[in-house]
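First the structure, in the form of structure tokens, and then the observations on it.
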Amino acid sequence: MMEVIIRTEGVWKSFGQNGPRHVDAVKDVTVEIIRGKKTALGGPSGSGKTTLLGLMMLLTTPSKGKVYIEGEDVSRFSEVFRAKIRREKIGLILQANYLIPHLTAIENVALPKLCTDMAKSRAEDIARDKLEQLDLGHRLHFKVAELSGGEQQRVSIARALVNNPKILIADEPGSSIDKKLTWNLLKLLDDMVKNNAMTIVLASHNQLILDWADRSYMMDEGKIV
Ligand SMILES: Nc1ncnc2c1ncn2[C@@H]1O[C@H](COP(=O)(O)OP(=O)(O)OP(=O)(O)O)[C@@H](O)[C@H]1O
Ligand SMILES: [Mg+2]
């Protein structure tokens, strides 16, 4: 049984409404994301991948059309409600990492757990596990500001996974890491799909990642082609 977990229906996202810098970044996209599957978005720079993911992550609302998560129309929810769904169901990996530079790697990863009243030591045990799986066991107590770009990217991946989200949405998760680390990341994601029935949607330019997905869609000029 294929169960749809996210559906966009004729969704548009426009910026600079009708002014000189008007852009239709996403144009009339209808797409279904299947539970427990890995879906990838490819396509050239500026084709609308990040914008479409932003709509699925509930970071932005559509200019037109609808977004459904588990059958519920979430596109018109208030920001408070969208934040609740993000917190409960979605792990986000964004192109910019939004880590807290003066906290250590392990403190950054443990943070979402502390928001659920878990004891700090227990939260840090779970954070340590995730960081070790991403080959960062030797950087646990480094401040994020002292880490390389690829190391920071892996810390943000660990943070997105620490709550075992139902849905993981990732924008360019392999952009700052080499081939071996990309393989390790894909292996870790495969385990999470198997063990936690996680659903993954990601955008990437990396052929390795596009081939790994169960389905991949190509975007061009705001449309799925
Ligand atoms: N906040 C915004 N305001 C105005 N225009 C925007 C905004 N966000 C995106 N755009 C425009 O929408 C288009 C699509 O951008 P988007 O970031 O979705 O592309 P992308 O496929 O993710 O590209 P890349 O591969 O470079 O990350 C771009 O032309 C961009 O200039
Ligand atoms: Mg992008």
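None of the figures in this text is laboratory data; all of them are computed from the coordinates on show. It should be emphasised that the depicted structure is a prediction, and the values quoted were computed from it without experimental measurement. As a convention, Cβ positions derive from the backbone with ideal geometry for all residues, glycine included, and neighbour counts pool all protein chains shown.
Per residue, the average separation of C-alpha pairs within less than 8 Å and at least 6 apart gives the stretch 4-224 a relative contact order of 30 percent. When you work out D = kT/(6 pi eta Rh) for the stretch 43-94 at 25 °C and 0.890 mPa s, using the Kirkwood radius from C-alpha pairs as Rh and the Stokes-Einstein form, the result is 210 µm²/s.
Helix-only estimate, please: 222 nm mean residue ellipticity of the chain, summing -39500 (n - 2.57) across DSSP H runs of length 4 or more and dividing by its residues, to the nearest 500. Before the final figure, lay out the partial values.
Details: 7 runs with 80 residues, N = 225.
The helix-only estimate for the chain comes to -11000 deg cm²/dmol at 222 nm.
The ellipsoid that matches the Cα gyration tensor of the stretch 1-78 has semi-axes, each √(5λ) in whole angstrom, of 23, 15, 9, with the longest given first. Annotation for Asn164 and Lys64: the two label points, set 7 Å from Cα along the Cα-Cβ direction, are 4.3 nm apart.
Based on the alpha carbons, how large is the Rg to Rh ratio for the chain when Rh follows Kirkwood?
Numbers: Rg = 17.4 Å, Rh = 18.0 Å.
Looking at the chain, the ratio lands at 0.97.
If the chain linking Leu208 and Glu132 were pulled fully straight, counting 0.36 nm for each residue of separation and taking away their Cα-Cα distance, it would gain 25.1 nm. Take every DSSP beta bridge whose two residues both sit in the stretch 4-224; close to 50 percent of them are antiparallel.
Taking N as the number of residues in the stretch 76-166, what is its Cα Rg relative to 2.2 N^0.38 Å? Let's see the in-between values first.
Working: Rg = 13.1 Å, N = 91, 2.2 N^0.38 = 12.2 Å.
That ratio works out to 1.08.
Give the distance, in whole Å, between the Cα centre of the stretch 129-145 and the Cα centre of the stretch 1-77. Each part reduced to its Cα centre gives a spacing of 33 Å. For the stretch 143-194, the Cα-based Rg and Dmax, in that order, read 11.2, 34 Å.
For the peptides 189-202, 110-123, residues were scored by their other Cβ atoms within 10 Å and the scores averaged per peptide; the highest-first order is 189-202, 110-123.
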